[in-house]
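Reading through the structure tokens given below for one structure.
The values are calculated or read from the model by the stated rules, or taken from the named source; none is laboratory data. What you see is a predicted model; the values in this text were computed from it and never measured. Every residue, glycine as well, gets a Cβ built from its backbone with ideal geometry; the counts of neighbours run over all protein chains shown. The accessibility values were calculated without ligands, DNA or RNA, using every heavy atom of the protein model including side chains. Shrake-Rupley method; radii C 1.70, N 1.55, O 1.52, S 1.80 Å.
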Amino acid sequence: MFDHQNKKTFLNGRNKKQPIVPIISPSLMVADQTRLLEETLHVLSPEGGSVEWIHVDIVDGHFAPNFSFCPKTVSDLRHHLPHAFLDVHFIANNPSMWVEPFAKAGASNFAFHVETTEDPIGVCRQIHQAGIMAGVALCVDTPVEALFPVLDSGEADVALVMMVKSGFAGQNFQPDAVEKVRVLRKRYPHLTIQVDGSITLETINLCAEAGANAIVPGRAVYKAKNRRESVLKLRSTIQKYINQRAQSHL
């Protein structure tokens, strides 16, 4: 469905007629760090669940107190995976300085935090000029209203809502953050809304019912006994609520 080599498969924040589809984007932060390519190939394969995107967290130790990946990680993955959709989550300051390096490395989507810039609309335009999708992310403690100006502009293709503190895997899910998803879905029915942080088979219902159609699972995929089965359950749950919302608008 999504192909890095085919820009027609990319999401467009201005297209209010684009279909809302389930998107599973497992976080490489939780994969075996010594086998990143092998892990990626497996979850992209039918045996591993045929995930739609691969989530690559970029953490620089300043905006969030952790370190994870860099442009070289993305470029090496792109070298082996020319068609895979690489979903870069930039958990760092100065996003405008890093748009071009990550676009050249092979990112398909570049999601930056609204808290890190005074001009999120300008950053989104810069991302689009680089030829890739623009995502805007929200920390778990930031009011959802912070996203309204950039989303109202139509320049963002994805809204990412954190369910935990940014930068670390394995934290406890914060259910209060789900209400932000509900607000966004009501205000932007056409938008792809992604949730990230402790997305599991136990928390997926809350997120999908509120309106999330894109998710960033970690352990629920990479640590699952049966990855394919886990991905199918996650995807079917999202699809169930997409269908319910579609029926309610008939």
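Things to note:
- Here the range 95-104 is the region considered, the condition is being open to solvent by 20 Å² or more (accessible area, probe 1.4 Å) and in contact with a helix residue (DSSP H, G or I) (Cβ under 7 Å, 6 or more places away or on another chain), and the residue that is nearest to residue 160 (Cα to Cα) is 96.
- Taken over the range 18-42, the criterion of being within 19 Å of residue 195 (Cα to Cα) and of a type outside the set (S, T, N, Q) is satisfied by 19, 20, 21, 22, 23, 24, 26, 28, 29, 30, 31.
- Residues in the range 75-87 include none that are part of a strand (DSSP E or B), in contact (Cβ under 8 Å) with a residue 12 or more places away in the chain and open to solvent by 10 Å² or more (accessible area, probe 1.4 Å).
- Of the listed requirements (1) in contact with a Gly (Cβ under 7 Å, 6 or more places away or on another chain); (2) closer than 22 Å to residue 152 by Cα; (3) hydroxyl-bearing (Ser, Thr, Tyr), residue 117 misses just one: (1).
- Within the range 97-129, being part of a strand (DSSP E or B) and farther than 21 Å from residue 143 by Cα holds for 109, 110.
- Residue 61 vs. criteria under 22 Å from residue 139 (Cα atoms) and either in contact (Cβ under 8 Å) with a residue 60 or more places away in the chain or surrounded by fewer than 23 Cβ atoms within 10 Å (Cβ to Cβ) (or both): yes
- Lone qualifier among 92, 111, 107 - being within 20 Å of residue 67 (Cα to Cα), open to solvent by less than 10 Å² (accessible area, probe 1.4 Å), of a type in the set (A, V, I, L, M) and more than 14 Å from the chain's Cα centre (by Cα): 92
- Residue list for the range 45-65, filter: part of a strand (DSSP E or B) and among the aliphatic types (A, V, I, L, M): 54, 56, 58, 59
- Residue within the range 156-169 that is part of a helix (DSSP H, G or I) and polar (S, T, N, Q) present: no
- Of all the numbered requirements in (1) open to solvent by 40 Å² or more (accessible area, probe 1.4 Å); (2) more than 15 Å from residue 158 (Cα to Cα); (3) in contact with a His (Cβ under 7 Å, 6 or more places away or on another chain), residue 47 misses one, and that requirement is (3).
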